[in-house]
Amino acid sequence: MARFKKKGSKGLPEINTGSMSDIIFMFLFFFMVITTIRETTLIVRVQPPHATEVQKLEKKSLVSFIYIGEPVKKAEGTASRIQLNDQFATVADIQEFITRERESRDEVDRKLITTSMKIDKTTRMGIVTDVKQELRKIGAFKINYSAAKGKAQKK
Amino acid sequence: MARKMPQLNTGSMADISFLLLTFFLLTSSINTDMGITRKLPPPPEDIKPPEIKERNIFTVLVNQNDRLLVENKPSDISLLRVQAKEFLENPSNSPDLPEKEMKNIPYLGEIFLAKNAIISLKNDRGTSYDMYIQVQNELTAAINELRDKLSVEKFGAKFSVLTNEDYIEAIKKAYPVTISEAEPENIGGK
């Protein structure tokens, strides 16, 4: 009898929490790795317009981005500029950019490439139209006008 | 004999890493890219564009001051959706609005729809991109609302929640996105 009593008085055995931190760290690294989305540093200011009828962009790996807006640095002027990859570009560079984007993808996926245009809302349509004409010439017909979901504000 | 190292208290380690975890979870907004999808037409060829009757075209002009001219009358962005819907649907079969005909579309059967209604959008080089997107948005909304209406009527569900590919194709065929963009003009000179 005495033997049983001794065992009962010990209380709950402590749970070893030593490996807990390892598990959490594993989670942490997992999230850190999956959220490193290739993000180009913007050198043009892009504040997308608002729209209500927006659709999600599917297949992120098949999207190439074109940014248009005013340069972030004031010294570079206030005229709208085009950014491709990490540098300023002109309308004439678009065709080469699209060709290179195509070459970096599998042949089967090339037809599915969408060009997402991230354009600042104060941009004038002239430059946008020039870009669109270039895209038409090179045959990149699938485009997406990047917009934030929400109601457009009245000026 | 080496002295035994005093054990470190690792109990709070989990808390610290939890803190880091939540920090990363909160700051890394997996930004979903959204936007209005469009398909550009192929480059113009030297063939003559087909003649389209005036009644089948819905002209939307945007000038460099972001003012609208719809069907040769000044208009406002808030009215555009209703006007576009009326044009595309032509509910009263009015002779000023697009011609209608019986169309036989699989899964929808015989329905009376506009034959060849085209929205013609023309903007100036000085038009702001914000305005352009708003116009595109209203026109898309008009088409989406008509698609929803037809979809609810025929399949009992909104177009955006349809899962059957054939049904989606049928609705798209009934109300295609027919927005034609003309080459812009440079009147504003910006």
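Do we have any residue at all in the range B:45-61 that's closer than 30 Å to A:Phe30 by Cα, surrounded by fewer than 11 Cβ atoms within 10 Å (Cβ to Cβ) and without any contact (Cβ under 8 Å) to a residue 12 or more places away in the chain? No: zero hits.
If I filter the range B:78-97 for residues that are within 13 Å of another protein chain (Cβ to nearest Cβ), of a type in the set (A, V, I, L, M) and part of a helix (DSSP H, G or I), do I get at least one hit? There is at least one residue in the range B:78-97 that is within 13 Å of another protein chain (Cβ to nearest Cβ), of a type in the set (A, V, I, L, M) and part of a helix (DSSP H, G or I).
So which residues in the range B:142-166 are of a type in the set (Ser, Thr, Tyr) and either closer than 30 Å to B:Pro43 by Cβ or in contact with a Lys or Arg (Cβ under 8 Å, 6 or more places away or on another chain) (or both), if there are any at all? Answer for the range B:142-166, where residues must be of a type in the set (Ser, Thr, Tyr) and either closer than 30 Å to B:Pro43 by Cβ or in contact with a Lys or Arg (Cβ under 8 Å, 6 or more places away or on another chain) (or both): just B:Ser151.
Within the range A:71-91, identify whether any single residue is away from chain B (no Cβ under 11 Å), among the small types (Gly, Ala, Ser) and touching a residue at least 40 places away in the same chain (Cβ under 8 Å), and answer yes or no. No; the residues of the range A:71-91 include none that is away from chain B (no Cβ under 11 Å), among the small types (Gly, Ala, Ser) and touching a residue at least 40 places away in the same chain (Cβ under 8 Å).
Restricting the search to strands (runs of 3 or more DSSP E) fully inside the range A:43-124 and requiring at least 1 residues that are under 30 Å from B:Ser78 (Cβ atoms) and either modelled with pLDDT of 90 or more or in contact with a Lys or Arg (Cβ under 9 Å, 6 or more places away or on another chain) (or both) gives A:63-71, A:114-119. The residues on offer are A:Phe27, A:Phe97, A:Phe65, and the sole one that is within 8 Å of another protein chain (Cβ to nearest Cβ) and aromatic (Phe, Trp, Tyr) is A:Phe27.
Matching residues to (1) surrounded by 13 or more Cβ atoms within 10 Å (Cβ to Cβ); (2) out of contact with any strand residue (DSSP E or B) (no Cβ under 7 Å at 6 or more places or on another chain); (3) among the small types (Gly, Ala, Ser):
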| residue | (1), (2), (3) |
| --- | --- |
| A:Ala89 | yes, no, yes |
| A:Ala92 | no, yes, yes |
| A:Glu103 | no, yes, no |
| A:Thr115 | yes, no, no |
| A:Glu134 | yes, yes, no |
| A:Ile138 | yes, yes, no |
| A:Phe141 | yes, no, no |
| A:Asn144 | yes, no, no |
| A:Lys151 | no, no, no |
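Checked across the range B:143-158, the condition of being in a loop (DSSP other than H, G, I, E, B), surrounded by 18 or more Cβ atoms within 10 Å (Cβ to Cβ) and modelled with pLDDT under 90 holds for no residue. Residues that are in a helix (DSSP H, G or I) and modelled with pLDDT under 80 are absent from the range B:30-44. Looking across the range A:33-42, just one residue is at pLDDT 75 or above and either facing chain B (nearest Cβ under 10 Å) or surrounded by 12 or more Cβ atoms within 10 Å (Cβ to Cβ) (or both), and that is A:Leu42.
Scanning the range A:101-144 for residues that are at the interface with chain B (Cβ under 7 Å from one of its Cβ atoms) and without any contact (Cβ under 8 Å) to a residue 40 or more places away in the chain returns A:Met125, A:Gly126, A:Thr129, A:Lys132, A:Arg136, A:Phe141, A:Lys142, A:Ile143. Against the list (1) within 27 Å of A:Ile127 (Cα to Cα); (2) outside any helix (DSSP H, G or I); (3) β-branched (Val, Ile, Thr); (4) in contact with a helix residue (DSSP H, G or I) (Cβ under 8 Å, 6 or more places away or on another chain), the condition B:Val135 fails is (2). Within this structure, B:Ser78 fails the test of being at pLDDT 85 or above, over 21 Å from B:Arg38 (Cα atoms) and surrounded by 14 or more Cβ atoms within 10 Å (Cβ to Cβ).
The values are calculated or read from the model by the stated rules, or taken from the named source; none is laboratory data. Worth saying up front: this structure is predicted, and the values here are computed from it rather than measured. All Cβ positions, even for glycine, are placed from backbone atoms using ideal geometry, and neighbour counts span all protein chains on display.
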